[in-house]
Protein chains: 2
Amino acid sequence: MVLQRIILGMLAIAPMSGYDLKRHFDSTVNYFWSADKAQVYRTLAALVTEGLVEVRKVPGTAGPDRQEHHLTAAGRARLHDWLVSDLDRQPERNAFLARVFFAGELDSEELTALLERQREAARTTLATLKAVRKSTPEPTDRAERLRLATLDNGLRHARAELAWLDALEKELA
Amino acid sequence: MVLQRIILGMLAIAPMSGYDLKRHFDSTVNYFWSADKAQVYRTLAALVTEGLVEVRKVPGTAGPDRQEHHLTAAGRARLHDWLVSDLDRQPERNAFLARVFFAGELDSEELTALLERQREAARTTLATLKAVRKSTPEPTDRAERLRLATLDNGLRHARAELAWLDALEKELA
DNA sequence: CACCACTAGTAGACAAGTCACCTAGATGCA
DNA sequence: TGCATCTAGGTGACTTGTCTACTAGTGGTG
């Protein structure tokens, strides 16, 4: 599945421990993928038994020993296969839109509150992404430009969401 | 979880069989939620044991008997609770952005092909949503306006995706 | 009349993801 | 010295979601 490929991708950028990976899932790639700790470690184990990843024990700098995971040639090939394969069409899942779809059950104040909470969420996303982009150094190669581009994608969708909320509230007024 | 609430919401609009629900998941609400047949039937069963939904056997018009599921008062209350509760913050999951993030592994042609496939997908979504909106009659009350608004949300995001692709391709050129 | 498509519902196995809990080393601080 | 916190790596139980296959009634077509 996708999580496996993402882990291969992260290890292609740099060797990492499960702990490192988890931190990346909670920060850098968080706006397009997240993963539970347990799942990360189990997926890593599966990748090792598949021979796509190799482990090297290294002494911990501040704490216990780390199990540094390195991508093997087979792992890099598998990553490439995924990148050029047909798009994984994942089912659209938007719980907020589901609420709006059934929001006829709500009175005006409740509806306004619902939309307002979504506006807040979108504003927060927008602010977070803007902050991340500002703190990111100018990209020097294509790989970095592409990673930055995923941020811009998030920004555009956040703005689209806010614009939609504006239009909807105007329409309902 | 969310699927339960969505089913409650659909039954609030009209009583339905599991089969009807599945068809709705494959058509009307498909652009923001989907569900497996097995999951629909099992969730319905759980809702019945919870007393949120009642079953009435009705003779099938064209085929076997149907089990028409009706929302109970408790079910409607549960639906309302969900609609006014804090937003279910679901983890962002975008497999395509994940690919772009790691697309430094690709050569120029492969990258172009990846972006082109996404453009195709976005264009298809846009066309589908436009078609649905055209075939939908003008909303007469607020509930209908809200259901239509979820379509507009999809349209805006599809357009945002296309605009982002344009900008990215220009930047990479 | 055999077959197919559509309607309607069910069961089992499995994959993916979440939650709670656990061990253990290193560091800092009260 | 005790305790909290961060680093590091797990395990087990559970929920959610997917895939495959099955029964069975109805209606149409070759």
homo-copy label distances at B:D88 (7 angstrom along Cα-Cβ), nm, one dp, ascending, are 2.1
Of the accessible area of the stretch A:1-61, computed with a 1.4 Å probe and all protein chains kept, carbon and sulfur make up a percent value of 55 percent
Here the relative contact order (percent) of the stretch A:95-172, from C-alpha pairs under 8 Å and at least 6 apart, is 38 percent
Most fluctuating of A:N94, A:N30, A:N153 in the GNM of chain A (C-alpha, under 10 Å) is A:N94
Among residues of chain B, the one whose beta-carbon sits nearest the axis that rotates B onto A, given with its distance in integer Å, is B:A160, 2
Under a 1.4 Å probe, counting only protein heavy atoms, B:E144 has an accessible area in Å², nearest 10, of 70 Å²
One decimal, nm, nearest first: from B:A45 to the same residue in each other copy, label points 7 Å out along Cα→Cβ, the values are 3.1
Taking a straight Cα-to-Cα line shorter than 28 Å from A:K170, and setting aside same-chain lysines fewer than 8 residues away, one finds A:K130, B:K130, B:K134
Contact order relative to length for chain A, counting C-alpha pairs under 8 Å separated by 6 or more residues, stands in percent at 18 percent
In square angstrom to the nearest 100, the accessible surface buried at the B/A interface, both sides summed with a 1.4 Å probe, amounts to 6400 Å²
The lysines whose Cα lies under 23 Å from the Cα of B:K57, excluding any fewer than 8 residues away in the same chain, are B:K22, B:K37
Those helices of chain B passing the 30 Å axial Cα length cut-off and the mean Kyte-Doolittle cut-off of -1.0 (DSSP H runs only) are B:108-135, B:142-172
Projected onto the charge dipole of the stretch A:94-145 (unit charges on the beta-carbon of Lys, Arg, Asp and Glu, signs +1, +1, -1, -1), the Cα from A:P139, A:F102, A:T125 with the largest positive-side position is that of A:P139
Inter-part gap, Cα centre of the stretch A:90-112 to Cα centre of the stretch B:17-85, in whole angstrom, is 17 Å
For B:A163, inter-copy label-point distances (7 Å, Cα→Cβ), nm, shortest first, read 0.3
About its Cα centre, the protein assembly as shown carries a charge dipole, from +1 on Lys and Arg Cβ atoms and -1 on Asp and Glu Cβ atoms, whose size in debye to the nearest 20 is 200 debye
Checked the stretch A:2-84 against the a/c 1.5 cut and the a/b vs b/c comparison, axes a ≥ b ≥ c from its Cα gyration tensor; verdict oblate
Heavy-atom accessible area per residue of chain A, all protein chains kept, 1.4 Å probe, expressed in Å², is 52 Å²
Once amide hydrogens are built 1.01 Å from N within the peptide plane, the residues lying 5 or more places from B:T72 or on another chain with amide H under 5 Å from its amide H are B:V53, B:E54
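The values are calculated or read from the model by the stated rules, or taken from the named source; none is laboratory data. Since we're looking at a predicted model, the values are computed, not measured. Every residue, glycine among them, receives a Cβ derived from its backbone with ideal geometry; neighbour counts consider all protein chains shown. Side chains are part of the model used for accessible areas, which takes the heavy atoms of the whole protein and leaves out ligands, DNA and RNA. Shrake-Rupley method; radii C 1.70, N 1.55, O 1.52, S 1.80 Å.
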